[in-house]
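Working notes, beginning with the structure itself.
The values are calculated or read from the model by the stated rules, or taken from the named source; none is laboratory data. Every value quoted in this text rests on a predicted model; they were computed, and no experiment measured them. Don't worry about glycine lacking a Cβ; one is built from the backbone with ideal geometry, like all the others, and counts go over all protein chains shown. Note: areas computed on protein heavy atoms with side chains; ligands, DNA, RNA excluded. Shrake-Rupley method; radii C 1.70, N 1.55, O 1.52, S 1.80 Å.
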Amino acid sequence: MSGESEQSKLATAINGKDPDWWRGAVIYQIYPRSFQDSNGDGIGDLAGITARLDYIASLGVDAIWLSPFFTSPMADFGYDVSDYEDVDPMFGTLADFDAMTSKAHALGLKVMIDLVISHTSDQHDWFKESRTSRDNPKADWYVWADAKPEGSPPNNWLSIFGGSAWEWDSVRCQYYLHNFLASQPDLNFHNGEVQDAVLSAARFWLDRGVDGFRLDTVNFYFHDADLRDNPPLPEGMVLTGVDATNPYGFQHHLYDKTRPENLGFLERLRQLLDKYPGATSVGEIGADRDVIGTTAAYTVAGKRIHMAYSFDLLTPDHSVDFLRRTIEGMEQGIGSGWPSWALSNHDVVRVATRWGMGKDLDRFAPLALALVTSLRGTPCIYQGEELGLTEAEVPFEQLQDPYGIRFWPKFKGRDGCRTPMPWEHRVKHAGFTAGEPWLPVPSDHVTRSVDTQDTVNGSILDRVRTFLQFRRGELSLQKGDIRFHESADETLVFTRSHENETILCAFNLSDQAIEVDWSGGALTRLENSGFGGDIEDGKLVLPGLDAVFARMG
């Protein structure tokens, strides 16, 4: 591959017209295991993604984000990395990655990949060396601590995946920290060599042509060096993104994550990214006690990461009051930063089920996607959202997710949103694989497969394409400021303004038709959004689960 300086020049040529392309871009998340299998082993792969890139480009999105495809024992399906600079054989080869990236760029799609650096697999060479003794060159690359006198763990920190966050190692006769599975030991970011090593891994992929990173659990990098106990969660506080069955949500996580030292590392990461013009980053802020404050600190313009998202809109709550409070709260507190929004991803129940249960999905699904892509920020949409896919019911005996297996039956894990993408309704396993899929393809997903919607006017897929193409032509919807306006129950009305142009966006989230009084100035309805709302006699006329977009002035 070309060296850093050559790749940096190439990035300048590609992104030079707009190095801020990521502001308001639509990112399409691909879960590689479940997107398209090219070799019949039942697991999606990079060659399969390459074969479907024309479909993704047809949606009108700007970038793809790939969940992990690195070498891994797959205890957490790739989020346990054993080699940051190679492709796991089940997904293909580095040559397959290069071919995918090349085709994506030819189609005008940016390529972003997951960077999972808060922890590694216990099969990573770094950890294998670290555990051999207390004085080897990598002895301090992970978070090791002695037991208390009676043998218990060093403190009360908990793993998100259940139980103590400490695992005993009989070789070093010490505990090591793991915020997730015991096979995912946490790296020690207090060690400068660790920071250098993970930045080197990032540089490896930037040199291969990636346009940026999604930073997994970006607030988990540092821990309290004094290993102080976490206090109980204050009464009335809720930890967003943690199921009520999980005792992790009982603690106020002051010391095991979101530490102030993280800001310095994020500045180092930004300095690296800035050497590749147009390279960007979006951080996942997981289970945080102050999402807005953390997002503001992490996304200070030009200083740290480019944007960040939390789990605020990935919860069951979707009342109009909640949505407006959440979005306005972020706007008021983010300062110079830039948010990212998502309604679905590989970790949560799909929005078509979480918010759309009992609603007409043919109307709800395009409306929800239009809403999230109309907010100020950079939206991420998850594979299958454009089809209106619901959460799959995966029986216990077919579960793969260790998180779900651990907390079954109250919490069923993440397999329900990770089932294979349905492509062709008349083909076995909906065209995902010629073999046996790693997770079953639900029958109701088959009826919503791509080929059943691809050329059908008014299908969910057709309406999504129509809206995203409409959005591409409206700079205010991509980069504009946002201001909410008072409106009737079950409606959201806001304006997006950029330079001298303002667009009004009005959404009716109820099943019933609603009229909203409007006295904010002259409006001209925009015709090509694919939505059926109208403007009549000073009123916004909104059918159930519908919207209207209008230019002001």
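Going by the conditions given, is I117 more than 23 Å from W438 (Cα to Cα), under 26 Å from the mean Cα position of the chain (by Cα), open to solvent by less than 40 Å² (accessible area, probe 1.4 Å) and not aromatic (F, W, Y)? Before the answer, list the steps.
Working: more than 23 Å from W438 (Cα to Cα): yes; under 26 Å from the mean Cα position of the chain (by Cα): yes; open to solvent by less than 40 Å² (accessible area, probe 1.4 Å): yes; not aromatic (F, W, Y): yes.
Criteria met by I117.
Among the residues in the stretch 292-312, are any within 24 Å of F265 (Cα to Cα), of a type in the set (D, E, K, R) and outside any strand (DSSP E or B)? Don't jump to the end; show me each part of the working.
Of the stretch 292-312, the ones within 24 Å of F265 (Cα to Cα) are 292-311.
Subset that is of a type in the set (D, E, K, R): 303-304.
Now narrow it down to the ones that are outside any strand (DSSP E or B): 303-304.
Scanning the stretch 292-312 turns up at least one residue that is within 24 Å of F265 (Cα to Cα), of a type in the set (D, E, K, R) and outside any strand (DSSP E or B).
If I ask for residues that are within 29 Å of G473 (Cα to Cα) and buried (at least 23 other Cβ atoms within 10 Å of the Cβ), which ones from the stretch 36-60 would you list? Give the derivation first.
Within the stretch 36-60, the first condition is being within 29 Å of G473 (Cα to Cα), and the residues that meet it are 49-60.
Correct list: I49 only.
Kindly indicate whether T455 is within 27 Å of K359 (Cα to Cα), without any contact (Cβ under 8 Å) to a residue 12 or more places away in the chain and open to solvent by 40 Å² or more (accessible area, probe 1.4 Å).
Values: within 27 Å of K359 (Cα to Cα): yes; without any contact (Cβ under 8 Å) to a residue 12 or more places away in the chain: yes; open to solvent by 40 Å² or more (accessible area, probe 1.4 Å): yes.
Yes: the conditions hold for T455.
K257: under 28 Å from R23 (Cβ atoms), charged (D, E, K, R) and surrounded by fewer than 21 Cβ atoms within 10 Å (Cβ to Cβ), yes or no? Spell out how you get there, then give the answer.
Working: under 28 Å from R23 (Cβ atoms): yes; charged (D, E, K, R): yes; surrounded by fewer than 21 Cβ atoms within 10 Å (Cβ to Cβ): no.
The answer is no for K257.
Considering only the stretch 61-81, how many residues are assigned to a loop (DSSP other than H, G, I, E, B), surrounded by fewer than 23 Cβ atoms within 10 Å (Cβ to Cβ) and over 17 Å from the mean Cα position of the chain (by Cα)?
3
I'm trying to understand the selection: among the residues of the stretch 345-373, which are in a loop (DSSP other than H, G, I, E, B), open to solvent by less than 10 Å² (accessible area, probe 1.4 Å) and either within 27 Å of R270 (Cα to Cα) or among the acidic types (D, E) (or both)? Can you show your working first?
Residues of the stretch 345-373 that are in a loop (DSSP other than H, G, I, E, B), as a first pass: 345-350, 355-360, 373.
Keeping just the survivors that are open to solvent by less than 10 Å² (accessible area, probe 1.4 Å) gives 345-346, 350, 356, 373.
Within the stretch 345-373, N345, H346, T373 meet the criteria.
Is the stretch 390-402 home to any residue that is touching a Cys at 6+ places or on another chain (Cβ under 7 Å), open to solvent by less than 10 Å² (accessible area, probe 1.4 Å) and under 22 Å from P440 (Cβ atoms)? Write out each step before concluding.
Kept after step one, since they are touching a Cys at 6+ places or on another chain (Cβ under 7 Å), are these residues of the stretch 390-402: 391.
From what is left, the residues that are open to solvent by less than 10 Å² (accessible area, probe 1.4 Å) are none.
Within the stretch 390-402, none of the residues are touching a Cys at 6+ places or on another chain (Cβ under 7 Å), open to solvent by less than 10 Å² (accessible area, probe 1.4 Å) and under 22 Å from P440 (Cβ atoms).
Open to solvent by 30 Å² or more (accessible area, probe 1.4 Å), among the polar types (S, T, N, Q) and under 22 Å from A365 (Cβ atoms): does that describe T447?
Values: open to solvent by 30 Å² or more (accessible area, probe 1.4 Å): yes; among the polar types (S, T, N, Q): yes; under 22 Å from A365 (Cβ atoms): yes.
Yes; evaluated as a whole, the condition is true for this residue.
Just the residues that are in a loop (DSSP other than H, G, I, E, B) and of a type in the set (S, T, N, Q), please, taken from the stretch 516-553.
Once the filter is applied, which keeps residues that are in a loop (DSSP other than H, G, I, E, B) and of a type in the set (S, T, N, Q), the stretch 516-553 yields S519, N528, S529.
Any chance you could count how many residues in the stretch 231-241 are of a type outside the set (S, T, N, Q), open to solvent by 30 Å² or more (accessible area, probe 1.4 Å) and either touching a Phe, Trp or Tyr at 6+ places or on another chain (Cβ under 8 Å) or closer than 17 Å to T217 by Cα (or both)?
Quick first cut of the stretch 231-241, residues of a type outside the set (S, T, N, Q) only: 231-239, 241.
Filter once more, keeping what is open to solvent by 30 Å² or more (accessible area, probe 1.4 Å): 231-238, 241.
Still in the running and either touching a Phe, Trp or Tyr at 6+ places or on another chain (Cβ under 8 Å) or closer than 17 Å to T217 by Cα (or both): 232-233, 241.
Count: 3.
As an exercise: evaluate G329 against (1) part of a helix (DSSP H, G or I); (2) crowded, with 21+ Cβ neighbours inside 10 Å and give the number of the one condition it does not meet.
Failed condition: (2).
Quick one: which helices (runs of 4 or more DSSP H) lie wholly within the stretch 383-491 and hold at least 1 residues that are closer than 29 Å to S340 by Cα and among the acidic types (D, E)?
Details: elements: 402-407, 443-446, 450-453, 460-472, 475-479.
Output list reads 460-472.
For the stretch 86-100, check the following and say yes or no: at least one residue is in a loop (DSSP other than H, G, I, E, B), small (G, A, S) and surrounded by 23 or more Cβ atoms within 10 Å (Cβ to Cβ).
There is no residue in the stretch 86-100 that is in a loop (DSSP other than H, G, I, E, B), small (G, A, S) and surrounded by 23 or more Cβ atoms within 10 Å (Cβ to Cβ).
Give the residues of the stretch 198-224 that are open to solvent by less than 20 Å² (accessible area, probe 1.4 Å) and hydrophobic (A, V, I, L, M, F, W, C), sorted by residue number. Give the derivation first.
Here is the first cut: in the stretch 198-224, the ones open to solvent by less than 20 Å² (accessible area, probe 1.4 Å) are 198-199, 201-202, 205-206, 209-224.
Residues satisfying the conditions are V198, L199, A201, A202, W205, L206, V210, F213, L215, V218, F220, F222.
Mind checking which residues of the stretch 352-377 are under 17 Å from the mean Cα position of the chain (by Cα) and farther than 24 Å from A63 by Cα?
R354
Can you list the strands (runs of 3 or more DSSP E) found entirely within the stretch 141-231 that contain at least 1 residues being without any contact (Cβ under 8 Å) to a residue 40 or more places away in the chain? Don't jump to the end; show me each part of the working.
Details: elements: 166-169, 174-177, 212-215.
Per the criteria, 166-169, 174-177.
Find the residue count for the stretch 492-515, including only residues that are in a strand (DSSP E or B), touching a Leu at 6+ places or on another chain (Cβ under 9 Å) and surrounded by fewer than 19 Cβ atoms within 10 Å (Cβ to Cβ).
Of all residues in the stretch 492-515, those in a strand (DSSP E or B) come to 492-498, 501-508, 514-515.
When the remaining residues are screened for being touching a Leu at 6+ places or on another chain (Cβ under 9 Å), the result is 492-496, 498, 501, 503-508, 514-515.
This time we only want the ones that are surrounded by fewer than 19 Cβ atoms within 10 Å (Cβ to Cβ), so: 498, 501, 515.
Adding up the residues that qualify gives 3.
Which residue is farthest from W438 (Cα to Cα), if the candidates are limited to the stretch 101-114 and must be open to solvent by 30 Å² or more (accessible area, probe 1.4 Å) and assigned to a loop (DSSP other than H, G, I, E, B)?
Only one residue fits best here, namely G108.
Return a yes/no flag: does the stretch 127-134 have any residue that is over 26 Å from I285 (Cβ atoms), open to solvent by less than 30 Å² (accessible area, probe 1.4 Å) and part of a loop (DSSP other than H, G, I, E, B).
The answer is no; no qualifying residue exists.
For S164, work out the one condition from (1) more than 30 Å from G413 (Cα to Cα); (2) among the hydroxyl-bearing types (S, T, Y); (3) surrounded by fewer than 22 Cβ atoms within 10 Å (Cβ to Cβ) it doesn't fulfil.
(1)
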